[in-house]
């Protein structure tokens, strides 16, 4: 049976998909509002126990399409491996593991472990022995584990092959056969692949039982008049990147896209604090209020709207000159829909996209599907920002000088007499008032924070066997790595009222900023605003926490675990 969808919008909500209440609560907590087409079609099939073949591009939301129903069906009280997800690269394995942890946030008994080359085997083995129910693995490293423990996968009930075509391209066919033979025949198998060559169909015929097939077709073209650009940035630098880019972008009106309701509020608040006329738009906002926001954007009372995809559907405001993809869209179709909010009626438009390290592959998918390169830009430095501020001030004053010089001559004479000052002194005072809150010297402009290296100077091309040009580690864990360079980076300037705390968990443990943030929020009982920057390093991480009540907070967090490992936050003493 084949279900084919071509550019069909999602239908219904997650609440209609019969997911486990704890899974549904986690989805609601992170602000996801509506399932994507691949999720709408796949979740009911997986919930019903069918084997399935999903043909979909990277970035269509397929991780949630298999993670949500599988988490809804596992036995959380059984401390044994029940789910195996195979991924072609360590980057994708970490990404999938992080997604599972996020979706299982309300299921404290469920543990997830990422198994991949280039990391010590000891902690991976320990997590498996401790009963992690979900294993996300690269084939090569998993075969290494099987050579030491042949019964490792004997309790697996659910198998997912993610990006199966990429696994075969990387030469993992023999490893896959070893893994298949190590699992029970009575299991549910789900296969996702962007293409279905004969080799993939052969695997399906041999190892899947009467699979259902779901196909999400992609027919996407971008608008040629839209100037597209992207910036590589760490997730915890997004607000800083947005503020700095807005300083130099010459926009009339802008819509910024984020993934969650909470993000609309957080970003809008940060921009409002800097003096921008901005509003949030999300699914929790009443329809009449949404309409008022859109009308305000049309008539110039607002210049920026920060919105989720759902809230921005059908939005047509001719003033919009810029679209800012603050969060990466889930799929190329969403990207095109977003940037189509500008460049309308024959006008030119500009689309900006922030890309985090784990989203590099999604950027490549967008470029491939749309047939257009998304040019890379760098974060503007202090000198560029200063020049932009002076240019805006000049543009603002130029018409006023021409229109009001004679009209206000009498007032000028009165003020210089009343204040006993020269016209030059008065002009300086008025400039100080006009530019209040903005610096107009290099020393006064906040220096930029470090950003990622541009594409082409990173390790993005490496594959799970070390075939890439980057750090040289292969799937068996060999090679020199590049962690040392990351360890030497100096911490960012400390936020006011915060102290920096350290945990020994880092990139090599499969930990991302969202994992630490979620754990601290859930266990510490803090509001999001109470937590400052989170910096993830190779072998440790730094988190800014409120100085007031710190010891009490650390006491609450002493038994907290992240990615199956003890958090063990301690106050960080800088030398």
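Table for the structure above
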{"quantity": "Alpha carbon centroid spacing (whole Å) that separates segment 155-234 from segment 324-366", "calculated": "24"}
{"quantity": "Global geometry of segment 232-321, whether rounded, prolate or oblate, following the gyration tensor of its Cα atoms and the 1.5 cut on a/c", "calculated": "oblate"}
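Each value in this text was obtained by applying a stated rule to the coordinates, not by laboratory testing. On a predicted model such as this, the values are computed, not experimentally measured, just so you know.
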